[in-house]
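Structure below; questions to follow.
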Amino acid sequence: MSDQTTNSIAFVAEGTIPPSPPPANETGVVKWLRENLFSGVGNSILTIASVLLIYVVLKNTLPWIFNGVWNADSLSQCREILGGKTGACFAVLAERWNQLIYGFKYPVEAYWRPNLAFLLMLVAAAPVLFFDLPRKMLLFTAVYPFVAFWLIWGGTVLVPLVALFGCVAAAVVFQKYGKNSFAAGFFGGIVVALIVWKVGGALISESASENAWLTAVPSRDLGGFMLNLMLGVTCVSLSLPLGIALALGRQSDMPLIKWVCVIFIEFIRGVPLITLLFVASVMLAYFFPPDSTVDLFLRVVIMITMFSAAYIAEVIRGGLAALPRGQYEAADSLGLDYAQAMRLIILPQALKISIPGIVNVAVGLFKDTTLVSVISMFDLVGMIRGPILASTEWNGVYWELLGFAALLFFVVCYGISQYSQWLERRLATDHR
Amino acid sequence: MSELAIDREIDRSKMQVSDEVAIEITNMNKWYGSFHVLRDINLTVNQGERIVIAGPSGSGKSTLIRCINALEEHQAGKIVVDGIELTSDLKNIDRIRSEVGMVFQHFNLFPHLTVLENCTLAPIWVRKTPKKEAEERAMHFLEKVKIPEQADKYPGQLSGGQQQRVAIARSLCMMPRIMLFDEPTSALDPEMIKEVLDTMIELAEEGMTMICVTHEMGFARQVANRVIFMDAGQIVEQNEPEEFFNNPQSERTKLFLSQILGH
């Protein structure tokens, strides 16, 4: 030690300095308070002002919530029970629960069907969302859309069976020929599926649905939060693959494919969703063969899917652009073909970068499903604004109903956001 | 430059150049837009040759070796690799690429895959090797580049030198007949250059056909059997290393050598 001061330049450490605990006033609650809440005059004022604000907000809302009336038949009865006190009228939620969740036309005795479909959806989504689960569960995920369709819409089981059979046939053809030539497998699969659907559709008689085990429910009878969930789940799961295809198409070397994708993306992004929904409800029929009656639900799904696919495509394009060119070159130099390079090297990385953006679009899309209320579909918001608020009993119950709608959407969207953060942490392998 | 990187005896017993032609380039030209990057390149590489390409930056040396596995397209002339002519036919390109290994300046490992997965990916998907066999082979090559213990780590957890050795192992797992090195040590710290050069020397000692773009003149002198000097997109001079370094013919070569060896 003394050498250090006397001798000017040369220095040799005499040993390793052992670690010691920090000084006492550097830990504990007091230190935390001082550093985070009262670190200066300005910050102390801000802290006190924030506490006051929180107090005022809670003072006014908490009595409203805790005085809430849960049992009443109408708003006037609510007011009687409250007798002039502040208080919410949550009775509307209890009394109209079924309408809020299922819409007002879905047959009551069939409520178990969407309930079961919802539970099965959780099972089907699990292996996709959490890839540590056994891969065999994906088989159920593949079958799920057909099961859910049958459960919710009911009718003859032949329709989903034919649809499933067409998809299986397409998958078999793709497996067989896709190995040699991707295009042959891809287009061969599509042709085979179309043939199966055409033949199968001709075999199912018109009256097949009349005495089916599950009574048929037409699309216009769907409603409530169920409709929002159905649209959200269907459109997100369809628009992700479509968005990937559009993003890759936009990067393509083939000018025709590239320009089709560019025009599609730019056009759809440049049009408000609500316009597209009006197109779906009124004009889309002109694009289909004259005698076909394409279901309203399907038309809305097509439009929302195209809309969000365009946005997802742009998000993924950003992810693709963020990858260094060396990744493409390394994949090429190892002899991987285009499909392999994309699937194994490029997309896993590009999608990982794009997760926050994709989640942004997914959350936005889920909330945008409430827009279908303007084309007279009775989703959650449509139910509230239409049948419930228009009824004589509940006319004027705005806060409780819309607050409930907000809560439902918040729970789902917050869940999506938390999942995406988990996913980002789980996929972090760069260790920078 | 770094003449000191190699400090061991090099075993030349297996470094045999055969008569079999590995790569044949005739009258090859390439343009970037209107800029003529490669001018009338003629080069024949026999099986077992170790060629070092040197030259100032921008002279087209990287572009030349990237043309050999079609990472860049040439616009005129002919490139034949292992008897297969490089045309725009994708089948031929993929066949050539699986015979030709490439090591990049910036490693270009796949950061989302472990070291082992980096090495087994192409054998499994391109060569259709069973997974177990591919893993055994990957471990064999990882041992050879002396990092088997890192097999389950991700590339981001390794040092630059280790990453470059993984990149070499990844190429070797495809059992290539030719290896291309594009400035493999240029992005490395001096202490890591040696470990990568040692790996490359071992490869040379086993008789691998190699084309290296590098500034490591020590490596060129001791391992290469031919040094090619490029400038402004053309091959200016080529010779055996002794002659090339001690008795350069062209003025351009003399100037280049004096600049990089002068101090």
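Among what's in region A:80-123 and is open to solvent by less than 50 Å² (accessible area, probe 1.4 Å) and basic (Lys, Arg), pick the residue that is nearest to residue A:399 (Cα to Cα).
Here the residue is A:96.
Moving to a separate point now. From the list A:389, A:401, A:407, which residue is at pLDDT 90 or above, open to solvent by less than 30 Å² (accessible area, probe 1.4 Å) and assigned by TED's automatic domain parsing to the domain that holds residue A:230? First the steps, then the outcome.
On the way: A:389 fails: at pLDDT 90 or above; A:407 fails: open to solvent by less than 30 Å² (accessible area, probe 1.4 Å).
Matching residue, one of A:389, A:401, A:407: A:401.
Would you point out which residue out of A:414, A:398 is under 30 Å from residue A:97 (Cα atoms), within 19 Å of the chain's Cα centre (by Cα) and either away from chain B (no Cβ under 14 Å) or of a type in the set (A, V, I, L, M, F, W, C) (or both)?
Values: A:398 fails: within 19 Å of the chain's Cα centre (by Cα).
Unique residue meeting the criteria: A:414.
Same structure again: Six or more apart or on different chains, Cβ under 9 Å: which pairs go from a residue in region A:314-331 that's within 10 Å of chain B (Cβ to nearest Cβ) to one that's surrounded by fewer than 18 Cβ atoms within 10 Å (Cβ to Cβ) and modelled with pLDDT of 95 or more? Could you list them?
Close Cβ pairs (under 9 Å, with a partner that is surrounded by fewer than 18 Cβ atoms within 10 Å (Cβ to Cβ) and modelled with pLDDT of 95 or more) do not exist here.
Hey, could you check region B:77-106 for residues that are touching a Lys or Arg at 6+ places or on another chain (Cβ under 9 Å) and open to solvent by 30 Å² or more (accessible area, probe 1.4 Å) and say which is nearest to the other protein chains (Cβ to nearest Cβ)?
Only one residue fits best here, namely B:99.
Enumerate the pairs (first residue in region A:337-350 and within 18 Å of residue A:429 (Cβ to Cβ) and facing chain B (nearest Cβ under 7 Å); second residue anywhere and assigned to a helix (DSSP H, G or I) and open to solvent by 30 Å² or more (accessible area, probe 1.4 Å)) with beta-carbon separation below 9 Å, excluding pairs fewer than 6 apart on the same chain, so at least 6 apart or on different chains.
Short answer, once both residue conditions are applied: A:344/B:125; A:345/A:328; A:348/A:427; A:349/A:322.
Let me ask something else about it. Within region B:32-54, is there a residue that is without any contact (Cβ under 8 Å) to a residue 12 or more places away in the chain and on the phi > 0 side of the Ramachandran plot?
Filtering region B:32-54 down to residues without any contact (Cβ under 8 Å) to a residue 12 or more places away in the chain leaves B:32-35.
Of the ones still in play, those that are also on the phi > 0 side of the Ramachandran plot are B:33.
There is at least one residue in region B:32-54 that is without any contact (Cβ under 8 Å) to a residue 12 or more places away in the chain and on the phi > 0 side of the Ramachandran plot.
So for region B:131-151 (the condition being of a type in the set (Gly, Ala, Ser), more than 14 Å from every other protein chain (Cβ to nearest Cβ), more than 21 Å from the chain's Cα centre (by Cα) and open to solvent by less than 10 Å² (accessible area, probe 1.4 Å)), does at least one residue qualify? Can you show your working first?
The first filter runs over region B:131-151 and keeps only residues of a type in the set (Gly, Ala, Ser), leaving B:134, B:138, B:151.
Narrowing further to those that are more than 14 Å from every other protein chain (Cβ to nearest Cβ): B:151.
Now narrow it down to the ones that are more than 21 Å from the chain's Cα centre (by Cα): B:151.
Narrowing further to those that are open to solvent by less than 10 Å² (accessible area, probe 1.4 Å): B:151.
Yes, some residue in region B:131-151 is of a type in the set (Gly, Ala, Ser), more than 14 Å from every other protein chain (Cβ to nearest Cβ), more than 21 Å from the chain's Cα centre (by Cα) and open to solvent by less than 10 Å² (accessible area, probe 1.4 Å).
Tally time: how many residues in region B:58-76 are basic (Lys, Arg) and within 14 Å of chain A (Cβ to nearest Cβ)?
Qualifying residue count, region B:58-76: 1.
A follow-up question, please. Before we move on, is residue B:68 within 19 Å of residue B:96 (Cα to Cα) and among the hydrophobic types (A, V, I, L, M, F, W, C)?
yes
The values are calculated or read from the model by the stated rules, or taken from the named source; none is laboratory data. Please read all numbers here as calculations on a predicted model, not as lab measurements. All Cβ positions, glycine included, derive from the backbone under ideal geometry; neighbour counts span all protein chains shown. The protein model used for the area step is the full one, side chains on, heavy atoms only, and it has no ligands, DNA or RNA in it. Shrake-Rupley method; radii C 1.70, N 1.55, O 1.52, S 1.80 Å.
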